[in-house]
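Novice: Dropping the structure in here first, questions after.
The values are calculated or read from the model by the stated rules, or taken from the named source; none is laboratory data. Quick caveat, the model's predicted, so the values are computed rather than measured. All Cβ positions, even for glycine, are placed from backbone atoms using ideal geometry, and neighbour counts span all protein chains on display. Protein only, heavy atoms only, side chains kept; ligands, DNA and RNA dropped before computing areas. Shrake-Rupley method; radii C 1.70, N 1.55, O 1.52, S 1.80 Å.
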Amino acid sequence: MRLRVRPSTRLRGTISVPGDKSISHRALMFAALADGVSGLHGWLPAADCEATLRCIRALGIQVERPAPDQLIVHGGGLRGLQPAPGPLNCGGSGTTMRLLMGILAGFPFPSTLVGNPQLSRRPMERVAQPLRQMGAEVITTEGHAPVYVRGGALQGIRYELPVASAQVKSALLLAGLYADRPTTVIEPAPARDHTERLLGAMGASLERDGGSITIHPAQRLLPISLNIPGDPSSAAFLIAAALVIPGSEVEILNVLLNPTRLGWVEAWQAMGAPIRVRPEGETGGEPVGRLSAIAASRLQAVEVSGPLVPRMIDEFPIFAVVATQAEGLTQVRDAAELRVKESDRIAALAEELRRMGARIEERPDGFAIHGPTPLRGAVVHSRGDHRLAMALAVAGLIAQGETIVEDAACISDSFPGFVETMQALGAEIELRSEDVE
């Protein structure tokens with residue numbers, strides 16, 4: 001499938017985005033380990049989360065689905081998973097594979113986790129190595145999937161993460177539930193903390209001291225009833241479009257406002273973007289509220305580096321698009337992690353945005369963008385990366401002429417309904433089959 005995008009004027013509307021992907025993964029996995037029945041509302045029915053659902057069912061957990069975004073999970077308890085009848089297919093979801101590695105490290109039966117070619121290129125030793133220190137048997141395929149895990153009696157460890165990673169941190173905290181003593185994970189910079197918040201809400205004993213998180217062995221997790229708020233990473237694309245299209249005004253309701261996920265808001269506000277954040281309460285230990293933005297009359301270049309990077313690691317593709325319209329040199333440093341995402345996002349952004357006329361320089365750990373630069377329509381490729389596809393679509397909304405985004409079906413990995421949502425705001429965008437001219 002491909003996206004056809006044309007220049008658009010004045011996006012306006014109040015809208016919601018689908019449930020948060022990170023919380024949807026975790027809520028389902030943790031509910032599977034709870035003692036009792038959990039209800040999840042607003043669960044994200046996207047390809048990555050569907051992979052988690054497929055794996056949880058394969059591990060013997062009964063999950064009812066009264067609606068696409070509603071799950072009733074009959075938890076089996078902390079030790080209630082059963083051996084899967086075959087390899088666990090994680091699709092393209094790194095969160096599914098890495099967090100399941102941590103959970104399965106606590107079970108004595110063997111499991112094999114596999115993924116699609118894209119996931120099979122992503123690094124897995126960063127999870128495997130500390131799990132081995134805890135006493136699990138973990139075998140990767142030259143550092144990648146397929147991954148073999150056989151767990152059992154685990155030892156609590158103290159582990160310093162070499163790179164801030166919510167997925168690695170989460171895997172070790174989950175394994176820590178099954179260890180013989182507390183497990184401490186030290187992160188070099190704050191990464192998203194949904195695992196800590198949700199496990200705490202389910203009765204696990206965790207302590208935070210600066211950059212260290214300690215989890216104590218557990219006997220049980222409590223079931224939950226959770227309304228999953230909208231995904232701020234999805235909201236970023238709508239906010240970005242509002243900022244760069246004159247006359248626009250967009251408001252997003254019931255969106256997650258966890259500060260570890262709003263680095264992109266801070267970066268754009270530093271550029272002069274008129275973004276408003278309005279807290280309205282909590283759900284499952286997570287802050288929720290509204291995000292709104294109007295078109296920016298002027299944006300100034302900024303430098304993004306250090307602790308801010310992990311707090312906006314998924315938003316750099318759309319951040320780069322906005323940076324093309326800022327005055328001066330925008331620089332991103334300390335973001336080498338972008339090279340091991342769904343695509344090498346540094347190289348992909350540089351190549352694809354150059355096709356549209358952007359002045360972007362690729363650097364080993366980031367990029368630099370000179371602006372403001374008028375963009376032109378072009379044929380660009382998503383590289384199978386959902387966030388790159390959506391970023392290029394937003395770029396097409398301000399480009400002169402028509403933009404074609406090839407291989408756009410991957411958008412469903414995280415934001416089902418993206419095209420329809422953009423259309424509801426007034427964007428000139430449509431999803432077409434490859435053979436339709």
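Novice: Would you pick out the residues in segment 408-423 that are over 13 Å from Ser234 (Cα atoms) and in contact with a strand residue (DSSP E or B) (Cβ under 6 Å, 6 or more places away or on another chain)?
Specialist: Ala408
Novice: Against the definition (surrounded by fewer than 24 Cβ atoms within 10 Å (Cβ to Cβ) and assigned to a loop (DSSP other than H, G, I, E, B)), how does Ser292 come out, yes or no?
Specialist: No.
Novice: Now, a different point. Exactly one of (1) of a type outside the set (A, V, I, L, M, F, W, C); (2) in a loop (DSSP other than H, G, I, E, B); (3) touching a Lys or Arg at 6+ places or on another chain (Cβ under 7 Å) is unmet by Asp48. Its number?
Specialist: Status for Asp48: all satisfied but (2).
Novice: Give the residue that is nearest to Pro123 (Cα to Cα), with candidates limited to residues of segment 70-105 that are open to solvent by 60 Å² or more (accessible area, probe 1.4 Å) and in a loop (DSSP other than H, G, I, E, B).
Specialist: Pro87
Novice: Looking at segment 106-144, which of its residues are part of a strand (DSSP E or B) and in contact (Cβ under 8 Å) with a residue 24 or more places away in the chain?
Specialist: Matches in segment 106-144: Pro110, Ser111, Thr112, Leu113, Val114, Val138, His144.
Novice: Do we have Val37 as outside any helix (DSSP H, G or I), among the β-branched types (Val, Ile, Thr), surrounded by fewer than 19 Cβ atoms within 10 Å (Cβ to Cβ) and touching a helix residue (DSSP H, G or I) at 6+ places or on another chain (Cβ under 9 Å) here?
Specialist: yes
Novice: Which of (1) in contact (Cβ under 8 Å) with a residue 60 or more places away in the chain; (2) over 18 Å from His144 (Cβ atoms); (3) touching a His at 6+ places or on another chain (Cβ under 8 Å); (4) surrounded by 24 or more Cβ atoms within 10 Å (Cβ to Cβ) is the odd one out, the single condition Phe30 does not satisfy?
Specialist: Status for Phe30: all satisfied but (3).
Novice: Which of the residues belonging to segment 204-214 are at pLDDT 95 or above and open to solvent by 10 Å² or more (accessible area, probe 1.4 Å)?
Specialist: Within segment 204-214, Ala204, Ser205, Leu206, Glu207, Ser212, Thr214 qualify.
Novice: While we're on this one: Examine segment 129-136 for a residue that is within 26 Å of Gly384 (Cα to Cα) and open to solvent by less than 30 Å² (accessible area, probe 1.4 Å), and state whether such a residue exists.
Specialist: Taking every residue of segment 129-136 in turn, none turns out to be within 26 Å of Gly384 (Cα to Cα) and open to solvent by less than 30 Å² (accessible area, probe 1.4 Å).
Novice: I've got another one for you. Could you go through segment 327-340 and let me know if any residue there is buried (at least 23 other Cβ atoms within 10 Å of the Cβ), β-branched (Val, Ile, Thr) and in contact (Cβ under 8 Å) with a residue 40 or more places away in the chain.
Specialist: Yes; the residues of segment 327-340 include at least one that is buried (at least 23 other Cβ atoms within 10 Å of the Cβ), β-branched (Val, Ile, Thr) and in contact (Cβ under 8 Å) with a residue 40 or more places away in the chain.
Novice: Considering every residue within segment 12-34, establish whether at least one is within 14 Å of the chain's Cα centre (by Cα) and in a strand (DSSP E or B).
Specialist: Yes, that holds for at least one residue.
Novice: Looking for whichever is buried (at least 21 other Cβ atoms within 10 Å of the Cβ), touching a Pro at 6+ places or on another chain (Cβ under 7 Å) and touching a residue at least 40 places away in the same chain (Cβ under 8 Å) here; the options are Leu375, Leu397, Leu425. Which one fits?
Specialist: Exactly one residue qualifies, and that residue is Leu397.
Novice: What's the number of the only condition in (1) under 21 Å from Met271 (Cα atoms); (2) at pLDDT 95 or above; (3) outside any strand (DSSP E or B) that Gly328 fails to meet?
Specialist: The single condition Gly328 does not satisfy is (3).
Novice: Has segment 295-306 got at least one residue that is farther than 29 Å from Gly366 by Cβ, open to solvent by 30 Å² or more (accessible area, probe 1.4 Å), modelled with pLDDT of 95 or more and acidic (Asp, Glu)?
Specialist: Among the residues of segment 295-306, not one is farther than 29 Å from Gly366 by Cβ, open to solvent by 30 Å² or more (accessible area, probe 1.4 Å), modelled with pLDDT of 95 or more and acidic (Asp, Glu), which makes the answer no.
Novice: The conditions are (1) in contact (Cβ under 8 Å) with a residue 60 or more places away in the chain; (2) open to solvent by 10 Å² or more (accessible area, probe 1.4 Å); (3) touching a Gly at 6+ places or on another chain (Cβ under 8 Å), and Pro287 fails exactly one of them. Which is it?
Specialist: The failed condition is (1).
Novice: Same structure again: Just give me the residues in segment 156-173 being in a loop (DSSP other than H, G, I, E, B) and either exposed (fewer than 14 other Cβ atoms within 10 Å of the Cβ) or modelled with pLDDT under 95 (or both), in sequence order.
Specialist: If the condition is that a residue be in a loop (DSSP other than H, G, I, E, B) and either exposed (fewer than 14 other Cβ atoms within 10 Å of the Cβ) or modelled with pLDDT under 95 (or both), then Pro162, Val163, Ala164, Ser165 are the ones that fit.
Novice: Follow-up question, since we're still on this one. Quick one: Ala236 ticks every box in (1) open to solvent by less than 10 Å² (accessible area, probe 1.4 Å); (2) in a strand (DSSP E or B) except a single one, so which number is it?
Specialist: Single failed check for Ala236: (2).
Novice: Next up: What number goes with the only condition from (1) part of a loop (DSSP other than H, G, I, E, B); (2) open to solvent by 30 Å² or more (accessible area, probe 1.4 Å); (3) touching a residue at least 40 places away in the same chain (Cβ under 8 Å); (4) closer than 30 Å to Ala427 by Cβ that Glu266 does not pass?
Specialist: With (1) part of a loop (DSSP other than H, G, I, E, B); (2) open to solvent by 30 Å² or more (accessible area, probe 1.4 Å); (3) touching a residue at least 40 places away in the same chain (Cβ under 8 Å); (4) closer than 30 Å to Ala427 by Cβ applied to Glu266, the lone miss is (1).
Novice: Can I ask one more? Could you list all residues from segment 378-394 that are touching a Cys at 6+ places or on another chain (Cβ under 8 Å) and open to solvent by 10 Å² or more (accessible area, probe 1.4 Å)?
Specialist: Passing the criteria: only Gly384.
Novice: Can you tell me which residues in segment 182-203 are surrounded by fewer than 23 Cβ atoms within 10 Å (Cβ to Cβ) and either free of Cβ contacts under 8 Å to residues at least 24 places away in the same chain or among the hydroxyl-bearing types (Ser, Thr, Tyr) (or both)?
Specialist: Correct list: Thr184, Glu196, Gly203.
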